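Nothing in this text is a laboratory measurement; each read-out follows from the coordinates by a stated rule. Since the model is a prediction, treat every value here as computed from it, not as a measurement. Neighbour counts are summed over all protein chains in view; Cβ atoms, including those assigned to glycine, are modelled from backbone coordinates with ideal geometry.
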Ligand code: SER
């Protein structure tokens with residue numbers, strides 16, 4: 001079976017058991033502060049487990065793109081070294097939301113693996129949770145009992161909390177789990193040592209393939225376990241491992257999921273996979289990381305210096321440096337693997353096909369940048385090594401290694417490798433101390449302590465009523481305290497709310513709630529999964545009161561104008577630049593809008609103007625908002641709605657239409673485009689390879705911006721005393737150039753006459769032609785005189801002090817003869833400038849210095865001459 005058939009078989013099986021097959025959620029998580037990336041299939045269902053969302057489908061299955069590179073589940077450093085961990089992987093999963101439980105989960109897993117996929121029973125093992133007295137949880141005898149129906153007892157193994165109690169993160173839904181392991185060893189090896197001895201022992205041929213989690217608890221911030229409102233099943237099977245098992249391979253990388261990339265990579269670098277363990281690791285790293293990077297970019301997460309973007313950048317750099325060190329690539333190479341990946345996986349994941357060009361461009365630019373950094377880092381390291389060597393040491397200090405790591409992205413093993421090639425070692429203990437310090441620094445900087453929710457009302461969803469009203473009577477359903485570095489504040493959830501929570505690029509509403517004469521300001525509104533969270537600096541006196549909640553209407557109207565304008569802008573950009581333009585990020589707030597989109601060149605001034613014209617024409621057309629809430633996604637698609645990769649859309653979506661602009665959007669909008677008034681682009685720039693950014697304003701702000709331009713223009717008109725500003729300025733610039741020319745000529749003339757008048761007065765005494773005095777000329781005149789005299793007098797010693805505009809300066813020019821006798825003007829100047837409290841430098845024949853102390857000029861001249869004479873005597 002090839003990998004695509006394996007995936008299909010899984011989905012078909014669960015479809016036949018009454019499951020609805022849902023699409024994979026994006027890999028990059030939005031609206032959840034506890035997660036950066038999807039690290040398990042269950043992430044997108046978290047709110048269902050917690051009871052924050054109503055359950056629509058009780059049985060669901062999918063294949064989810066996961067990335068385990070941060071937080072609680074982080075496999076990054078293992079990837080490539082072994083043959084069965086990945087950064088990005090697909091997790092096949094089936095879920096029961098308050099429906100079936102252990103019995104069905106276990107027997108269906110068995111049926112699929114043994115009866116459908118045909119795996120031999122004798123190679124399968126199941127683990128179950130042994131219980132935890134300190135958590136008050138008993139051994140999972142129920143799961144044990146069901147497994148006994150299929151497996152002999154010696155194939156059922158008890159496991160501890162680490163292996164058999166699954167938690168998504170430090171807080172959130174969790175429960176005991178039962179893992180299915182598979183023994184891939186040969187019959188002979190299996191006879192030698194029973195597979196049960198190797199389960200969960202890190203053996204690469206006895207591996208976990210499927211995890212059945214029985215979600216029963218919610219882990220609270222204080223560590224307590226609280227029973228969930230209902231019991232659920234969450235299973236996750238490693239797709240790549242399943243492919244290995246079913247295709248009879250001993251490594252995930254030997255399956256058809258990775259082999260095409262590895263073969264191509266081998267051709268590119270002229271090495272064969274399997275020939276050398278070191279290059280094999282590098283090939284696995286590259287083949288794995290390529291997928292993580294390409295899929296992240298397709299989901300809209302570009303490499304950057306912050307948060308999720310930084311994690312992606314680090315993954316990419318890890319791949320580049322393995323390729324550089326072990327496969328001999330010193331030019332971008334990962335970008336050349338993208339086409340193969342698209343051909344292989346594009347059928348299943350259309351986002352790869354649609355974003356191909358962007359993925360290639362972004363990766364290539366990142367590779368180029370890091371390859372440059374690598375070579376700078378390597379020369380820096382060479383400098384550090386030679387310094388250490390000349391100090392008689394064979395060790396690179398921890399702080400140097402840390403600098404390379406932190407600033408140049410050098411993993412410690414790369415530094416060690418380069419060091420060892422130069423016969424040196426690295427003080428890794430000191431490096432570890434530096435690393436730890438940095439971690440503590442960033443932990444302290446980011447530390448936010450969030451208490452558990454205090455529930456006041458049992459409510460599953462905080463319904464948003466703010467599309468239709470800006471005021472509503474609400475009750476607080478839960479609240480919690482947050483301790484940030486500089487302040488403590490509170491978060492409130494209402495039973496329903498007119499406040500829009502920051503999401504989809506639109507910033508959250510502000511406003512207030514009021515009860516019993518007490519008014520509490522809502523400083524911001526956030527969205528966490530399905531909860532709308534209101535930030536307040538203090539709690540109201542009576543938490544159980546009925547509050548009147550009021551959104552700041554002015555800010556909301558300004559935001560709505562910017563949001564609608566963003567849709568019109570998107571449409572206009574696609575019309576003017578082409579349909580490759582796709583939203584890559586946006587910010588909509590009361591003051592302005594920011595829109596990032598894929599496009600590969602600068603947008604010209606003419607194109608910008610054309611876009612502005614189109615948007616303003618749409619505004620004048622005064623299209624009415626046609627809004628469809630709860631529109632089936634297929635219907636939205638047939639209306640031509642733009643769907644963005646990386647966005648999570650449900651089965652039912654909200655469609656926003658103005659004229660020809662049709663988008664899926666949860667944001668707030670104007671009733672008619674005419675309300676936007678006027679649209680003006682402020683700037684166009686690049687954010688990264690292949691992504692451009694436009695910032696723009698609308699309504700009152702746009703008008704103010706134009707008034708500002710007009711005021712500036714009027715100011716200039718008055719100043720140049722001419723209504724035709726362009727002509728007047730052109731004339732000024734031309735006149736200015738002419739005047740400059742005349743000034744330069746005048747200066748040259750002046751220098752020539754000074755040089756001619758000095759020349760006859762100069763005589764040689766004691767082997768030098770000395771001219772030393774104060775002369776208050778401008779610096780470039782002094783310089784001109786010095787350079788005028790130098791060619792004529794090989795024994796010239798020219799020391800001029802000057803003070804123009806209260807600024808003391810010193811100039812030293814030496815003839816060739818003097819320089820050849822070892823006198824260095826720059827050293828002389830540096831020393832003599834101390835007399836004018838200054839410093840300077842230059843070349844051995846010509847140097848200048850500036851200073852602060854005019855009174856010291858005479859002394860400085862004297863000191864310079866004295867120094868030169870002393871040196872000449874030696
Ligand atoms: N949540 C479990 C896991 O990630 C099962 O899907 O392993």
Give me the number: length gained by fully extending residue 792 to residue 115, i.e. 0.36 nm times residue separation minus the C-alpha to C-alpha distance, one decimal in nm. 233.5 nm
If N is the number of residues in region 7-144, what value comes out of its Cα radius of gyration divided by 2.2 N^0.38 Å? 1.17
Relative to the compact globular guide of 2.2 N^0.38 Å, what is the alpha carbon radius of gyration of region 769-874, as a ratio? 0.94
Using every pair of alpha-carbon atoms in region 703-817, split the distances into 10 Å bins beginning at 0 and state the percent of pairs per bin, rounded to integers. 12, 28, 19, 14, 14, 10, 4, 0
When the Debye formula is applied to the Cα atoms of region 199-338, each taken as the same point scatterer, what base-10 log of I(q)/I(0) results at q = 0.12, 0.19 Å⁻¹? -0.67, -1.14
I need the peptides 735-742, 411-418 ranked by packing, meaning the mean over residues of other C-beta atoms within 10 angstrom, with the highest value on top. 411-418, 735-742
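Can you tell me, using C-alpha contacts under 8 Å and at least 6 residues apart, the relative contact order of the chain as a whole percent? It would help to have the intermediate numbers written out before the result.
Details: 1630 pairs, mean separation 58.0, N = 874.
Once divided by the residue count of the chain, the mean separation gives 7 percent.
How much of the calculated P(r) for region 643-714 lies past 19 Å, in percent of all Cα pairs?
Details: 1496 of 2556 pairs.
Every Cα pair in region 643-714 considered, those over 19 Å come to 59 percent.
Just check region 355-470 against the gyration tensor rule for me: Cα atoms, a ≥ b ≥ c as the square roots of the eigenvalues, rounded for a/c under 1.5, and otherwise prolate or oblate depending on whether a/b exceeds b/c.
Values: a/c = 4.65, a/b = 1.95, b/c = 2.39.
The shape class here is oblate.
For residue 652 and residue 16, what does the FRET efficiency come to when R0 = 25 Å and r is the distance between their Cβ atoms, rounded to the nearest 0.05?
Numbers: r = 25 Å, r/R0 = 1.02.
The computed FRET efficiency comes out at 0.50.
At 25 °C and 0.890 mPa s, grab the translational diffusion coefficient of region 253-296 from Stokes-Einstein with a Kirkwood Rh over Cα pairs, rounded to a whole number in µm² per second. It would help to have the intermediate numbers written out before the result.
Values: Rh = 10.5 Å.
This corresponds to a translational diffusion coefficient of 234 µm²/s.
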How would you rank 683-691, 364-372, 761-769, highest first, on the average number of other Cβ atoms within 10 Å across their residues? 364-372, 683-691, 761-769
So how do 773-781, 610-618 stack up, highest first, on mean other-Cβ count within 10 Å? 610-618, 773-781
Counting only the backbone N, which residues of region 16-52 are under 16 Å from the spot 7 Å out from the Cα of residue 104 toward its beta-carbon? 16-22
Debye calc, one equal point scatterer per Cα of region 232-314, no solvent, log10 I(q)/I(0) at q = 0.10, 0.14 1/Å comes to -0.34, -0.63
What value, in deg cm²/dmol to 500, does the helix sum -39500 (n - 2.57) over DSSP H runs of n ≥ 4 give at 222 nm once divided by the residues of the chain? -12500 deg cm²/dmol
Report, largest value first, the span of the C-alpha coordinates of region 393-458 along each principal axis, in whole Å. 68, 18, 17
Set the Förster radius R0 to 60 Å, insert the Cβ-Cβ distance between residue 706 and residue 197 as r into 1/(1 + (r/R0)^6), and round the FRET efficiency to 0.05. 0.15
For residue 439 and residue 555, extending 7 Å from Cα along the Cα-Cβ vector and measuring point to point gives, in nm, a value of 3.8 nm
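For region 821-872, just say rounded, prolate or oblate: build the C-alpha gyration tensor, square-root its eigenvalues into a ≥ b ≥ c, call rounded for a/c under 1.5, and beyond that prolate if a/b exceeds b/c, oblate if not.
Numbers: a/c = 3.04, a/b = 1.46, b/c = 2.08.
Oblate is the answer for region 821-872, as a/c is 1.5 or above yet b/c matches or exceeds a/b.
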Helix 605-621 sits off the longest principal axis of the Cα atoms of the chain, rounded to the nearest 10 on a 0 to 90 degree scale, by 50 degrees
Cα Rg, Dmax, region 356-418, angstrom units: 14.7, 53
How long is region 324-365 along each principal axis, judged by its Cα atoms, biggest number first, in Å? 33, 19, 10
Helix 398-408: inclination vs the chain longest Cα principal axis, degrees, rounded to 10, gives 80 degrees
Against the longest principal axis of the chain, how steep is helix 857-873, in degrees 0 to 90 to the nearest 10, with axes from Cα atoms? 90 degrees
So what does the Cα-only Debye profile of region 257-356 read at q = 0.15, 0.22, 0.25 Å⁻¹, as log10 I(q)/I(0), no solvent term? -0.58, -1.14, -1.33
Cα→Cβ-extended label distance, 7 Å offset, between residue 348 and residue 541, nm: 6.2 nm
For region 662-732 and region 362-413, compute the distance between their C-alpha centroids and round to whole Å. 45 Å
Please compute the alpha carbon radius of gyration of region 552-651, then divide it by the globular-protein estimate 2.2 N^0.38 Å. Two decimals is fine. 1.16
Under the rule rounded for a/c under 1.5, else prolate if a/b exceeds b/c, else oblate, using alpha carbon gyration tensor axes a ≥ b ≥ c, region 742-809 is classed as oblate
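Once you have the Cα-Cα distance between residue 305 and residue 727, take 0.36 nm times their residue separation minus that, and quote the gain in nm to one decimal. Provide the component values of the computation, followed by the final result.
Working: separation 422, 0.36 × 422 = 151.92 nm, distance 4.57 nm.
Difference between extended and current length: 147.4 nm.
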7 Å from Cα along Cα→Cβ at both residue 247 and residue 627: what's the point-to-point distance in nm? 4.9 nm
Give the calculated FRET efficiency between residue 737 and residue 604 to the nearest 0.05, with a Förster radius of 35 Å applied to their Cβ-Cβ distance. 0.75
Send over the Kirkwood Rh of the chain, from the inverse of the averaged 1/r over different Cα pairs, rounded to one decimal Å. 33.1 Å
Which distance in Å, rounded to a whole number, links the C-alpha centroids of region 466-518 and region 823-869? 68 Å
Restricting things to alpha carbons, find the Rg to Rh ratio for region 81-224 using the Kirkwood radius for Rh. 0.96
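What is the projected area of the convex hull of the Cα atoms of region 717-769, averaged over all directions, in nm²? Please report the intermediate quantities before stating the final value.
Working: hull surface 22.3 nm².
Taking a quarter of the hull surface, the average projection is 5.6 nm².
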Where the eigenvalues come from the Cα gyration tensor of region 68-123, what are the semi-axes √(5λ) of the equivalent ellipsoid, largest first, in whole Å? 28, 19, 8
